[in-house]
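Note sheet for the following structure.
Any read-out appearing in this document is the output of simple, stated calculations on the displayed coordinates, not a laboratory observation. Because the structure is predicted, anything quoted here is derived from the model rather than measured. Reconstructed Cβ throughout: ideal geometry from the backbone, glycine too, with neighbour counts over all protein chains shown.
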Amino acid sequence: MRVRGALRWTFRSTFSHIIGLQMLAIAATSLIMPLAIFMFLNRTVASYQLGMLRRHEQGVLHGLSVSAPGAPPRLDPAVRSRYGPGNGGFAFTVLDARGALLLSSQPDGQALASVLRAGDQAQTFKRRIGAADYTGASFPETLGGRRIWIQVGQNLEDPDVVLDDVLARFLPQVGWLSVSLLLLLLLIDVLIVRRALAPVRRASTLAEAITPSRIDVRLPLEGMPQEIAPMVLAVNAALDRLERGFRAQRDLTADVAHELRTPLTVLRMRIDALPDAQIRAALHPGIDLMGRIVSQLLAIAELETVVIDPADRADLRAVCLETAEHLAPLAILEHKQIELEGASAPVWVRGQHDFLFQAVRNLVENAIAHAPSGSVVGIAVHPRGEVRVLDRGPGVPPDRRALLFQRFWRRRDRTSAAGAGAGLGLSIVARIAEQHGGSISVEARKGGGAVFVLGVPLADAP
Amino acid sequence: MRLLVVEDNLDLAELLISALVRNGFAADVMTSAESAQEALAGAQYAAVVLDLGLPDEDGLSFLKRLRQRGAGVPVLILTARGGLADRVDGLRAGADDYLVKPFATEELVARLQALLRRPGEILGRRLEVGDLSLDVETRQLFVAGRPETFSAREVDLLELMMRRVGRVVQRGFVEDQLFGLDSPVGSNAIEVAIHRLRKHLQLLRARAVVHTVKGVGYFIAEDTKQA
């Protein structure tokens with residue numbers, strides 16, 4: 001579970017990382033791009049306008065003439081007539097080198113720009129004259145050996161002037177278009193990243209299935225992004241090594257248990273052959289316990305490898321009946337009773353009869369071991385796929401309930417080995433429950449004692 | 001009644017023989033599959049006790065060959081393998097019963113006796129629990145050696161349980177055997193019969209007691225309290 005959480009978290013983080021950065025980029029782009037466009041466009045417009053102003057200035061210059069050196073210049077009336085209403089809002093003035101007005105197209109006879117710096121470069125200006133915004137330039141020229149300034153300006157408010165309007169309308173549209181394109185790009189990126197990570201998600205789901213009994217699972221390389229493939233290979237190689245070690249350990253457990261069985265049999269039969277019944281009785285519990293530990297070790301080794309086929313089904317009621325039948329003589333020997341109650345019809349569950357028998361048997365053996373003499377151990381089968389094993393023993397304190405199903409945990413106050421579980425029994429039950437997709441828990445019983453509840457998923461009746 | 005024990009562990013073989021002899025059987029020991037096969041060819045045995053771990057051949061394949069040759073002799077397998085799959089394999093190979101090591105001597109004896117009592121085999125003439133014994137042929141019951149009179153139904157009930165000493169006889173099985181399928185019985189008819197039998201045994205101070213396993217069935221065992 002922790003692994004799953006960590007993986008998810010990392011994926012989410014990478015994902016949001018990408019998306020976050022992308023959004024930052026979009027914000028910056030949508031700010032910078034219109035500004036850049038505005039700048040470039042403005043510069044283009046300005047140079048276009050300067051060219052236009054220059055053509056007008058050249059026209060005015062060609063229309064100028066002086067009758068004698070020092071005389072005021074005159075303008076060809078044909079040129080003069082081009083400047084007035086309906087002429088694209090253009091105006092001109094001619095100044096002498098000191099800035100005194102020589103000629104003007106303006107009705108008020110004022111210069112378009114009053115202050116001129118000395119130099120021989122064209123100088124642009126923007127000015128408000130009356131209600132109109134003028135943009136224009138002053139060009140230095142020489143006429144009849146005299147330095148003069150020819151100023152040309154354009155009234156931007158004139159209906160014929162559209163360039164600035166185009167610029168003003170064009171820009172917001174460019175802005176919206178670019179923002180929405182960028183958002184679309186973001187969406188596409190989200191999809192691409194998700195798609196690229198899908199094999200990783202599949203692999204992590206698969207990795208969750210890896211347990212001691214499913215150690216053969218390997219992560220698929222197919223469809224994995226090239227960047228992640230080396231990690232998948234490394235994980236699979238690590239799993240290979242782990243599997244080898246795990247198998248070796250499991251085989252050792254099984255082999256040791258196996259090898260112990262024949263000497264235990266010899267020992268048992270030697271004890272059985274002793275003439276003194278008291279000594280026999282004293283030795284039997286120990287040898288029986290050893291035999292059970294060996295069986296349980298083998299059961300655990302076997303359980304690690306077994307996978308329950310989803311098609312397997314077993315009758316839980318038959319399992320309990322068999323358990324009661326099997327253990328009743330043992331219980332009676334210890335002056336305890338076994339009672340079977342609950343479902344009267346078969347209870348079909350998903351699983352294997354023999355494993356479920358082992359589970360219920362371990363629960364009942366545990367109950368018999370802890371039940372006081374003269375009491376009843378109850379086995380109740382419920383049609384919802386549940387077995388409850390009830391005893392009148394000391395019960396299990398809440399803080400020990402989780403520990404109970406771990407290997408080799410045993411009630412500390414139990415010192416006698418006789419009839420006691422080897423500490424493996426309940427862990428076997430837990431393992432079998434887990435492999436059946438079921439559950440095991442222990443609760444307090446009303447009136448004293450413990451109730452162990454084994455749940456197994458129901459199956460369809462065959 | 002002669003038994004063949006096929007066991008390669010000499011300690012265990014020796015112990016098996018002495019335990020069987022103590023319990024009234026005669027037995028021969030063979031320590032390999034090959035010698036066991038020769039022994040079976042040369043003599044008639046009532047049953048075979050077969051250890052699966054033999055030096056020259058796997059016990060299961062030995063058993064399969066034995067069955068293929070048509071030998072019907074009851075076989076009890078002894079094994080150190082106790083897995084569920086192993087048990088199924090053993091029974092499939094033709095074993096009649098299966099005992100996982102380590103086992104109690106009395107368990108081995110009880111299983112062998114049960115094997116020998118099977119239909120078609122020699123029936124035990126006497127069934128015993130505690131100081132109670134039943135002559136199966138004459139249907140006469142003895143308590144501490146004294147002949148006692150029991151009703152026919154009580155004898156039927158006792159026989160059912162005494163054939164499976166220490167094991168539970170399912171209630172449904174008792175119903176079928178005692179009352180037959182065609183005579184449906186009231187749900188407490190068996191309980192009444194058991195109750196009467198229990199009283200009767202108490203009255204006679206028999207060291208055998210009938211236990212009820214509620215929801216499962218009944219079984220008879222030696223009364224350990226008086227022992």
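Could you tell me the center-to-center distance, by alpha carbons, between the range A:324-372 and the range B:148-171 in angstrom?
24
For the range A:251-299 and the range A:167-243, what is the centre-to-centre distance using only Cα atoms, to the nearest Å?
57
Apply the Karplus parameterisation 6.51 cos²θ - 1.76 cosθ + 1.60, with θ equal to phi minus 60°, to every residue of the range A:387-402 and state each ³J(HN,Hα) to the nearest whole Hz, in sequence, with x for glycine and proline.
Computed from phi, the couplings for the range A:387-402 are 10, 10, 10, 10, 9, 10, x, x, x, 10, x, x, 6, 9, 5, 6 Hz.
Evaluate the relative contact order of the range B:2-116 (contact order divided by residue number), counting alpha-carbon pairs under 8 angstrom at least 6 apart; express in whole percent. Mind showing how you got there, number by number?
Values: 179 pairs, mean separation 27.1, N = 115.
Over the range B:2-116, the number comes to 24 percent.
Express the relative contact order of chain A as a whole percentage, based on alpha carbon pairs under 8 Å and six or more residues apart in sequence.
Working: 638 pairs, mean separation 44.4, N = 462.
RCO, chain A: 10 percent.
Starting from the Cα coordinates of the range A:64-136, work out the convex hull volume and express it per residue in Å³. Can you show the working numbers first?
Details: hull volume 8.1 nm³, N = 73.
With only Cα atoms used, the range A:64-136 gives 111 Å³ per residue.
Across the residues of B:165-173, average count of Cβ atoms on other protein chains within 10 Å?
3
Using packing as a proxy for protection, rank A:247-256, A:307-316 so that the peptide with the highest average count of other Cβ atoms within 10 Å comes first. Write down the numbers at each step before the final one.
Values: A:247-256: 13.4, A:307-316: 15.8.
Ranked by mean Cβ neighbours within 10 Å, highest first: A:307-316, A:247-256.
By what distance, in whole Å, do the Cα atoms of the range A:309-455 stretch along each of the three principal axes, largest value first?
If we take the Cα atoms of the range A:309-455, the spans are 43, 28, 26 Å.
I need the P(r) histogram for the range A:212-307: all alpha carbon pairs, bin width 5 Å from 0 out to the longest distance, whole percents.
2, 12, 15, 13, 11, 10, 8, 7, 6, 5, 4, 3, 2, 2, 1, 0
So, with +1 on the Cβ of K and R and -1 on the Cβ of D and E, and no other charges, what is the size of the charge dipole of the protein assembly as shown about its Cα centre, to the nearest 20 debye?
Working: 80 positive and 76 negative charges, 474 e Å.
My answer is approximately 2280 debye.
Rounded, prolate or oblate: pick one for the range A:37-101, where a ≥ b ≥ c are the square roots of the eigenvalues of its C-alpha gyration tensor, a/c under 1.5 means rounded, and failing that, prolate if a/b is larger than b/c, else oblate. Please list the in-between numbers first.
Details: a/c = 2.94, a/b = 1.93, b/c = 1.52.
Because a/c hits 1.5 or more and a/b exceeds b/c, the range A:37-101 counts as prolate.
Is it possible to state the helix-based mean residue ellipticity at 222 nm for chain A, with each DSSP H run of 4+ residues giving -39500 (n - 2.57), the sum divided by total residues, to the nearest 500 deg cm²/dmol? What is it?
Counting only the DSSP helices, I get -18000 deg cm²/dmol.
Once amide H atoms are built 1.01 Å from N in the peptide plane, which residues 5 or more positions from B:G217, or in another chain, come under 5 Å H to H?
Distant-sequence amide H within range of B:G217: B:R171.
Excluding A:Q22 itself, calculate the net charge of residues whose Cβ lies under 15 Å from the Cβ of A:Q22, where each Lys or Arg counts +1 and each Asp or Glu counts -1. Before the final figure, lay out the partial values.
Values: positive: A:R194; negative: A:D189.
Around A:Q22, the surrounding residues sum to 0.
Number of Lys pairs in the protein assembly as shown with C-alpha atoms less than 30 angstrom apart, excluding same-chain neighbours closer than eight positions?
Taking the Cα cut-off of 30 Å, the pair count is 11.
Can you pull the one-decimal nm distance between simple spin-label points at A:R43 and A:A345, each 7 Å off the Cα toward Cβ?
8.9
Just the number: Rg to Rh for the protein assembly as shown, Cα atoms, Kirkwood Rh, two decimals. Can you show the working numbers first?
Values: Rg = 51.6 Å, Rh = 34.7 Å.
Rounded to two decimals, Rg over Rh is 1.49.
Do you know the relative contact order of chain B, to the nearest whole percent, from alpha carbon pairs under 8 angstrom that are 6+ apart? Mind showing how you got there, number by number?
On the way: 331 pairs, mean separation 28.7, N = 227.
Here the relative contact order equals 13 percent.
Give me a single rounded figure for A:245-257: the average over its residues of other chain Cβ atoms within 10 Å of their Cβ. All intermediate terms of the calculation are to be shown ahead of the outcome.
Values: counts 0, 0, 0, 0, 0, 0, 0, 0, 0, 2, 0, 0, 2.
Whole-number average of other-chain Cβ neighbours for A:245-257 is 0.
So what are the three principal axis dimensions of chain B from its Cα atoms, in whole Å, longest to shortest?
Computed over the Cα atoms, the extents are 57, 36, 30 Å.
Mean Kyte-Doolittle hydropathy of 0.0 or higher plus an axial Cα length of 27 Å or more: which whole DSSP H helices in chain A meet both? All intermediate terms of the calculation are to be shown ahead of the outcome.
Working: long enough: A:2-63 (90 Å, 0.46); A:163-208 (66 Å, 1.12); A:229-272 (63 Å, -0.03); A:277-305 (42 Å, 0.64).
The answer, listed by residue number, is A:2-63, A:163-208, A:277-305.
Mind checking the full-extension length gain between A:R128 and A:A402? Use 0.36 nm per residue of separation minus the Cα-Cα distance, one decimal, nm.
Working: separation 274, 0.36 × 274 = 98.64 nm, distance 8.85 nm.
Extending this stretch completely gives an extra 89.8 nm.
Please list the radius of gyration and Dmax for the range B:126-222, considering alpha-carbon atoms only, with Å as the unit.
Cα-based Rg and Dmax for the range B:126-222 come out at 12.7, 37 Å.
Averaged over peptide B:214-224, how many Cβ atoms belonging to another chain are found within 10 Å of each residue's Cβ?
On the way: counts 10, 13, 12, 5, 1, 4, 0, 4, 1, 0, 3.
That average works out to 5.
Please quote Rg/Rh for the range B:2-116 to two decimal places, taking the Kirkwood radius as Rh and restricting both calculations to Cα atoms. Present the calculation step by step, with values, prior to reporting the outcome.
Numbers: Rg = 12.7 Å, Rh = 13.9 Å.
That ratio equals 0.91.
Pull out the extension gain between A:R195 and A:L177, defined as 0.36 nm times the separation in residues minus the alpha carbon to alpha carbon distance; nm, one decimal. Write down the numbers at each step before the final one.
Numbers: separation 18, 0.36 × 18 = 6.48 nm, distance 2.71 nm.
Answer, rounded to one decimal: 3.8 nm.
Determine the principal axes of the Cα atoms in the range B:69-117, then give the extent along each, sorted from largest to smallest and rounded to whole angstroms.
That works out to 31, 27, 12 Å along the principal axes.
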